[in-house]
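Accompanying notes for the structure given below.
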């Protein structure tokens, strides 16, 4: 709940956001399913006991982006602080256990995962086997941190306390005229928000099931701005392509509804794809 914990008056918020936008460059990356599956296998191999490994594809994908960010940062800015904390957002839109199908609003909970400690980097003279082990252990450490945060936020005792503090902070924001602050709290923090499991064909269908207007796609679904060190993950929707005679070509992975498949802003950007369920 750091975005409301660090809430600021509009006079401070707008200049900070404008400066961040002016100094941040969007970066789009597309991963294929085989690539994601390979990353998961690498992360599992990096755990102390691969038979007990439990994390989702998105945990590992974000772990990979953080690993790449830290590796590049160490090369180009060796005095800078590396990322060691991931802020995660679980989206429960469309899950009838938590939000009704016709819910209009941002159905999500944001929380900070436990900080992770990556293994010691291998020397430059290390062989390919040592480098591969270092990569796998680093990937597993970050993914396990993300999964630990997700497991914790599903705990009813933790969630009860979280909502109490969240309610108090929201009340303070309202009374003091403060606004959410979505920029990183420290140089060591990165945020991610995944809509990987969200069906874009259903996301903006605000009618109850059974309504004659259901599935009408009468609206478009749009997310908010991409921010500094903020990763957003979206699925690329397969659209069948037909020729003039009605014959089906190979499916073209195009975008349906204007969503980027994976949008990562400059010092990379953050997300989650669990919808409160382990995938």
Inspect the range 48-57 for any residue being in a helix (DSSP H, G or I) and either under 14 Å from residue 139 (Cβ atoms) or modelled with pLDDT of 95 or more (or both) and give the result as yes or no. yes
What number goes with the only condition from (1) within 21 Å of residue 4 (Cβ to Cβ); (2) modelled with pLDDT of 90 or more; (3) loosely packed, with under 15 Cβ neighbours inside 10 Å that residue 149 does not pass? (3)
Every listed condition ((1) part of a helix (DSSP H, G or I); (2) closer than 16 Å to residue 47 by Cα) holds for residue 159 save (2)
Name the residue that is surrounded by the fewest Cβ atoms within 10 Å (Cβ to Cβ), counting only residues in the range 10-26 that are touching a residue at least 60 places away in the same chain (Cβ under 8 Å) and in a helix (DSSP H, G or I). 10
Looking at the range 72-117 only, could you name the residues that are over 25 Å from residue 165 (Cβ atoms) and modelled with pLDDT under 80? 94, 96, 100, 101, 102, 104
Looking only at residues in the range 27-47 that are touching a helix residue (DSSP H, G or I) at 6+ places or on another chain (Cβ under 6 Å) and not in a helix (DSSP H, G or I), which one is surrounded by the fewest Cβ atoms within 10 Å (Cβ to Cβ)? 47
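The values are calculated or read from the model by the stated rules, or taken from the named source; none is laboratory data. The model shown is predicted, which means the values in this text are computed figures rather than measured ones. Neighbour counts run over all protein chains shown; Cβ positions are idealised from the backbone, glycine included.
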